[in-house]
Amino acid sequence: MKIPKNHILVIFGASGDLTYRKLVPAVFDLYDQNVLPEKFAILGLGRTALSDEAFREKMKEGIEKFALNKKDASVTEKVNQFLDKLYYHAFNTKAEEEYAGLKDKLFTLDSQLGTDKNFIFYLATPPSMYTVIPCHLAKHGLSSEEDGFRRLIVEKPFGYDLETANKLNESLLKDFDEEQLYRIDHYLGKETVQNLLVTRFSNAIYEPLWNRNYVSHVEITSSESIGVGNRGGYYEGSGALRDMVQNHLLLLAGLVGMEPPALINSNSIRNEIVKVLQSLRPIKEEDVEKYVIRGQYVGSTVKGQAVNGYREENGVNPESRTETYVAMKFFIDNMRWGGVPFYIRTGKMLPTRVTEVVIHFKPTPHHLFASNSAIAQQQNQLVIRIQPDEGLLLKFGMKVPGAGFNVQNVNMDFHYSELADTYLPSAYERLLHDCMLGDSTLYSRGDAVKAAWEFVKPIQEAWKNNDQIKVHGYPAGTWGPDVADDLIEEPHLTWRYPCKNLANDGNYCEL
Ligand code: BG6
């Protein structure tokens, strides 16, 4: 792996959960693999008053719990060396007058450590600060790249809707150039999401079939078996559409649907993703009910344990209509995908955690061996398992041994875990390292974020303006509302269910 230039990573929101669970452990994993520059430091900023030592102690705990690399005795020494590179500065991000002090701190550290005035600013703060911090940084000369690089990483959510996302973009672009901006969608940092590009563009057997002539429909599922936990307050203002669909799932659709990029570089790849997002056929407000199903989990019993419904979670309005489940059908109006339905679904409190893309191929034009209609309708499926149990599964027909020509579907199944010594880096590890190298390929570009919000807008409007559109209740531990099955119009087709409902109470209910 390449080694980035010397720099300081400045984390706003360093006393928060993201820093503790994801960011610092990911940077440690990079350090453990010797892919950080010789001169490197993390400067954590947060409101809580902490000494460098107290910050290091807390981060040590996070590294021990969440870093992915091996945790044997040799690592302990490395952890201690790494902790020496961590500094903390108590700071009120809202107070402009404190930025001069931050600048002094940063430049003092820089001259002590020799980090060549290269700074990455990571916004791990509440989104309300995304317009404030960059502006104050710029006023204090910390966005200009005259003496070193200055990069800004912005966490999701990137906006609340199209208007706020546009405003946020405009605001950021006043102070930073697009090339300095790194909008994180951690799905792009996942190894198996990147593997979608390799599967498609380095295998002669798939690419010729990857279009409307051979594909009947595409299914993308991202299910979670947990609820909103202690994030009820955040989730109430978000819901699954904003939390998962607008970003992660549409991005997956972009990667599945895109044309081969001319080159493997940031602009070529991101140009192709944005074309797909711009080709999504808008769902008219009056059609939203037909194409989009929303649901909310209700209390049930899962594996013998009583489970709360969403409305009983902390920070959630007892009459909330926020969706914890979305399933939808849409089309990509371009030459490759004209007429091919894409079905996507995501939800909390479903039976299992799985993210997968399923390419359903059309049946053969003539059913030579079809002694019964079920076999005649069988379709080849390519299942790209993003997580967990990362891998690739191809389903195809084989002759049943014995007399006649009976056909049965069998699996050809590859699991990443079968590769010896395979280390799958965490998404944050990959993304942070890329930003350190100045490579924005796996970060979302402003135009893509905008296109995704444009697509989502009529759905948000319909749900806001029409309270007749149902929020379907589904018992926690089931695959979501039954009506989602009706989105798939062909009577013999259904979603792929990687496992059965876990809830004892299989009844569905209307909220
Ligand atoms: C985050 C959402 O972006 O993605 C969470 O805010 C969700 O609600 C998470 O749980 C899912 O990510 P992953 O990597 O676990 O699939």
- Close pairs (6 angstrom Cβ cut-off, 6 or more residues apart or separate chains): surrounded by 14 or more Cβ atoms within 10 Å (Cβ to Cβ) in segment 52-76, at pLDDT below 80 anywhere: none
- Item | Cross-chain or 6+ apart pairs with Cβ under 6 Å, segment 224-239 first and under 23 Å from GLU356 (Cα atoms), then away from the ligand (no atom under 11 Å from the Cβ) | SER225/THR352; GLY227/MET349; VAL228/GLU313; GLY239/THR322; GLY239/GLU323
- Which pairs have Cβ atoms under 6 Å, sit 6 or more apart or on different chains, and link a residue in segment 364-388 that is assigned by TED's automatic domain parsing to the domain that holds LYS399 to one that is exposed (fewer than 14 other Cβ atoms within 10 Å of the Cβ) and modelled with pLDDT of 80 or more? PHE369/PHE405; GLN378/ASN409
- Query: Within the bounds of segment 460-474, is there any residue that is open to solvent by less than 50 Å² (accessible area, probe 1.4 Å) and farther than 28 Å from PHE158 by Cα?
  - Reply: yes
- Query: Name the residues in segment 216-240 that are surrounded by 18 or more Cβ atoms within 10 Å (Cβ to Cβ) and within 12 Å of the ligand (Cβ to nearest atom), would you?
  - Reply: THR221, SER222, SER223, GLU224, GLY227, VAL228, GLY232, TYR235, SER238, GLY239, ALA240
- Item | Number of positions in segment 248-260 that are touching a residue at least 40 places away in the same chain (Cβ under 8 Å), surrounded by 18 or more Cβ atoms within 10 Å (Cβ to Cβ) and out of contact with any His (no Cβ under 9 Å at 6 or more places or on another chain) | 9
- Which of the residues spanning segment 310-335 are without any contact (Cβ under 8 Å) to a residue 24 or more places away in the chain, assigned to a loop (DSSP other than H, G, I, E, B) and within 26 Å of the chain's Cα centre (by Cα)? none
- Only helices (runs of 4 or more DSSP H) wholly contained in segment 228-309 count here; list those with 3 or more residues that are aliphatic (A, V, I, L, M). 250-257, 266-278
- Message: Going through PHE201, PHE176 one at a time, which residue ends up being over 17 Å from the mean Cα position of the chain (by Cα) and either near the ligand (Cβ under 10 Å from one of its atoms) or open to solvent by less than 10 Å² (accessible area, probe 1.4 Å) (or both)?
- Response: PHE176
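The values are calculated or read from the model by the stated rules, or taken from the named source; none is laboratory data. In this text, all values refer to a predicted model and were calculated from it rather than measured experimentally. Glycine also receives a Cβ, built like all others from the backbone with ideal geometry; neighbour counts cover every protein chain displayed. Remember, those area values only see protein heavy atoms, side chains included, never the ligands or the DNA or RNA. Shrake-Rupley method; radii C 1.70, N 1.55, O 1.52, S 1.80 Å.
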